[in-house]
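The values are calculated or read from the model by the stated rules, or taken from the named source; none is laboratory data. Please read all numbers here as calculations on a predicted model, not as lab measurements. A quick note on method: Cβ atoms are made from the backbone with ideal geometry, for glycine too, and the neighbour counts reach across all protein chains shown.
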Amino acid sequence: MKPKAPQCPPSSKLSQMANEGRLDELQPHLNDCLACQKQLRSWKRLKEASQATPWARPHQLQAQAIENKLLAQTYSSPPPQPPVYKDLRWWGAGALAAGSFGLAMILWVPQGQKDIITEPSIASAKISTEAPQTKQWTAPYLEKKQPSCSKSSQKTQKLPALAFSHTSLNSFRDFEQQSLIPQLGFEGASSQYQVQLGELARVHSLARKVALPQNEQLELPPAPTQPKAPKKYKHSAPKRKKAVKPVAQAPQETVEPPTPVVQKPQPSAQEAVEDTFVTAFSLYQQSNYSQAAIAFEKLANSAKNSTLAADINYWRAMSLLKSKQQAPAAQLFKRQLLKYGESMAAAKAALQLAQLSLAAGDQEEAAWALSFAKRDANPKIRHAAEKLWQQYLSTDETQKAPSP
Amino acid sequence: MSSKVIPLCPSQTIESTISDQALVAACGLGDRAALSQLFRRYHRDIFRFYSRMFGHQYPDLDDLCQKVFFGVWSGASKYKPHSPFRAWLYGIAVNVAKQHRRSERRRFEAFRNFFSTKTQDTQIDPTPHDNLCAKELALRANLALQKLPEHLRVVYILCEIEEMAGTEVATALGARPGTIWRRLHEARKTLKTQIEGGQQ
């Protein structure tokens, strides 16, 4: 095969256009290029040979037998279900799984947190309760071996004055924010309130305070006004820093979401136009030209200011041309030149208009359209326009050359 | 005596005028007559497709055809009415073919390939007669088609032999149109090389 000229389209492009039936767009080039002609001929031969390959044509009785088997199979299987029910089935299973997971977390988390927090502090409490000052009131509680959560919650229900949730007490910081330590005092705190606060708060406070010397008075700081972690818990300082970080990051996360909410509606209108365009264009590609023309017309009316308006106009004209409505197609091609002269499809529209005008005998309009095409940046279109000009209009070129 | 001849036209039943989309919708509601009508319309196309995919002497063509239309029956409720029916049908056919290949591989496909290639080789005896050149070319094309990788073969059969549009094939295979064009081009090149190599 001869080497391809540089202006030849690549083989893949040629293959695509041949399959889509758009070779007439390349007709000016194909008339001259022997390499492309040969390529297309070889493909055609190959296609014919492939289509001539033997295939098994089912006999009527064989087809009838398969049909009978098929119908019997449909009777033996359950009838097809609408997809809604199947979706609902999956949604139901998902909801059940999520519910059970949530329930498990509710039941499991307080128990787990209690274990995490109380275990080390119980150990320190046992050591520190040897001080005689604290022995007096810590004894009844340390005798109990880790009472269950349910018992403590029952006790909180009896005392409405300090009724807050058990989980809030699990956190040491929350405990201090509630300013419970000043309320309790240390030496004079009644056992009733300490029981009410639950095991977690009690053991934590003991772990920190009972290790002080016997004569030293305890000075508890006032309740902090800000929710930040106090400096008092130096032993857990590194952990504090880790715990503070997400708190500091949290406001940033809450600020960000409004931006996508504003931006979302913008692409939807454009996308709708693009989707409709693709639908109409697929009709065109399926050689359903009359329906494609109708679809493009509707789209042109609805999306006049769209960025696709030029393309819509061009493909509407092409659809009309393919459905053998030359006059409206020519009008639309002319409109393409006048209104969307800067668009990519304008030069092709000019060529089409020139051909239509020549066929209709209107040489002036053909000359005007060809002058437009000859100015195009694409050398193939310029070449095609030159060729048309020389073929039909070269005799009286000087007279009929239109003003740009 | 001159007698008036009345041309006999096949009577058009109501079923034959119903669109494919409507028939699939009826299938989705459990109408077996609609499935029957779809089978009568398209079973030849499916046979032809599988003949090119697996060879025209493949023994399981009946079963494959039945599986495809049973797939239509069971998946009719998922069909979107605006999408082209042929693309959807061929999509099912391609999936059935893939499943069949997988199950065949499990059943020692090597034996089958050995025997099938042997029988096919015997068919390509060169003949001096000119009238048989086209037939020989077709047989060579058939052999080359069978040797083509499956993903290229499917695209070539659907685009070139069944003459479906590239976008339809893309829909059927769940691939991008660009992928389809590339595969088609590769298939053409490979086929041409194999056929020309066979002729030399």
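Checking the conditions here, which among A:TYR314, A:TYR289 is buried (at least 18 other Cβ atoms within 10 Å of the Cβ), in contact (Cβ under 8 Å) with a residue 24 or more places away in the chain and within 14 Å of another protein chain (Cβ to nearest Cβ)?
Working: A:TYR314 fails: within 14 Å of another protein chain (Cβ to nearest Cβ).
On inspection, the qualifying residue turns out to be A:TYR289.
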- [ ] Quickly run through the range B:73-85 and pick out the residues that are facing another protein chain (nearest Cβ under 8 Å) and touching a residue at least 60 places away in the same chain (Cβ under 8 Å).
- [x] B:PRO84
Task: Subset tally (residues that are surrounded by 16 or more Cβ atoms within 10 Å (Cβ to Cβ), farther than 30 Å from A:ASN288 by Cα and at pLDDT 85 or above) for the range B:145-165 - done: 1
Task: Members of the range B:166-189 found to be surrounded by fewer than 21 Cβ atoms within 10 Å (Cβ to Cβ), away from chain A (no Cβ under 11 Å) and assigned to a helix (DSSP H, G or I), listed by number - done: B:LEU173, B:THR179
TODO: Considering each residue of the range B:54-72, count those that are facing chain A (nearest Cβ under 7 Å) and either within 16 Å of B:TYR90 (Cβ to Cβ) or modelled with pLDDT of 90 or more (or both), and give that number.
DONE: 5
Task: Those residues of the range B:140-165 which are facing another protein chain (nearest Cβ under 8 Å), of a type in the set (A, V, I, L, M) and in contact with a Ser or Thr (Cβ under 7 Å, 6 or more places away or on another chain), in sequence order - done: B:ALA141, B:LEU145, B:ILE161
Task: Counted residues, the range B:43-53 - those being more than 8 Å from chain A (Cβ to nearest Cβ) and surrounded by fewer than 21 Cβ atoms within 10 Å (Cβ to Cβ) - done: 1
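Could you say which residue among A:GLU67, A:GLU48, A:GLU20 is within 10 Å of another protein chain (Cβ to nearest Cβ), in contact (Cβ under 8 Å) with a residue 40 or more places away in the chain, surrounded by 14 or more Cβ atoms within 10 Å (Cβ to Cβ) and within 25 Å of B:ILE161 (Cβ to Cβ)?
A:GLU20
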- [ ] Given the conditions (1) at pLDDT below 90; (2) in a helix (DSSP H, G or I); (3) crowded, with 16+ Cβ neighbours inside 10 Å, report the number of the one that A:SER306 does not fulfil.
- [x] (2)
TODO: May I ask you to verify whether A:LEU23 is under 27 Å from A:TYR289 (Cβ atoms) and modelled with pLDDT under 80?
DONE: yes
Task: Which numbered condition A:THR53 misses (of (1) more than 11 Å from chain B (Cβ to nearest Cβ); (2) hydroxyl-bearing (Ser, Thr, Tyr); (3) in a loop (DSSP other than H, G, I, E, B)) - done: (1)
TODO: Just give me the residues in the range A:51-64 being out of contact with any Lys or Arg (no Cβ under 6 Å at 6 or more places or on another chain) and crowded, with 17+ Cβ neighbours inside 10 Å, in sequence order.
DONE: A:THR53, A:ALA56, A:PRO58, A:ALA63
